[in-house]
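Contents: one structure, followed by commentary.
The values are calculated or read from the model by the stated rules, or taken from the named source; none is laboratory data. These numbers come from a predicted model, not from an experiment. Counting neighbours? That spans all protein chains shown, and the Cβs are built from the backbone with ideal geometry, glycine included.
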Amino acid sequence: MVAANVILLVFLLLGMGMTLFTLPGNFLILLAAVGYGFFEGLGRFDGYFLLMLGGLFLFGEAVEFIAGMLGAKRQNASWRAIAAALVGGLAGAVFGSAVVPVLGTLAGAVAGAFALSYAAEYSKSGDSDKAARVARGAAVGLLVGTLFKLAVAVGMAAAIVMRLAW
């Protein structure tokens, strides 16, 4: 049982690290809990607990998605700029990971959201000041959403650790 607990802890730490860098770490945490639950016979990690973790996972994903959109929308962004911020965030995370693994992921996501939302808003409005405001809003929204999702990851991991039997 101790070995299984240690393996679970490794997955929890890995999941929190992945979440910090805009990767699907909360999903890894959820999968690790489900796997551990089935390993231990759904005793301490029963269906109710796993559903609660699933709800936290969905809540964190929704807030991250909405925060990025609201950051741009607060600056009266067009829907084109909002969509571009989402695509830019994902593309920037992938590109940033390839250039500078780990640290480049978050920086790339923020830069990608900024750049593509700027380009989309500028191409629609022709106003560089408005495009810059929209781009800053999108980048800040993405960053706030990621930090909130990290807080959810820490909460999920803490709930899991508190249920472990040593």
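The selection criterion, being of a type in the set (Val, Ile, Thr) and either modelled with pLDDT of 90 or more or touching a Phe, Trp or Tyr at 6+ places or on another chain (Cβ under 9 Å) (or both), does not hold for Ile66. Here Leu9 meets each of (1) loosely packed, with under 14 Cβ neighbours inside 10 Å; (2) modelled with pLDDT of 95 or more with one exception, condition (1). With respect to the conditions (1) under 30 Å from Asp127 (Cβ atoms); (2) without any contact (Cβ under 8 Å) to a residue 24 or more places away in the chain; (3) surrounded by 16 or more Cβ atoms within 10 Å (Cβ to Cβ); (4) not polar (S, T, N, Q), Met18 falls short on a single one, namely (1). Whenever a residue of segment 56-74 is in contact (Cβ under 8 Å) with a residue 24 or more places away in the chain and within 18 Å of Leu23 (Cα to Cα), its partners that are surrounded by fewer than 21 Cβ atoms within 10 Å (Cβ to Cβ) and of a type in the set (Phe, Trp, Tyr), lying with C-beta atoms within less than 8 angstrom and at least six residues away or across chains, give the pairs Phe57/Phe27; Gly60/Phe148; Val63/Phe148; Glu64/Phe148; Ala67/Phe148. Among the residues of segment 21-47, the one identified as surrounded by fewer than 18 Cβ atoms within 10 Å (Cβ to Cβ), within 21 Å of Met162 (Cα to Cα) and within 15 Å of the chain's Cα centre (by Cα) is Phe27.
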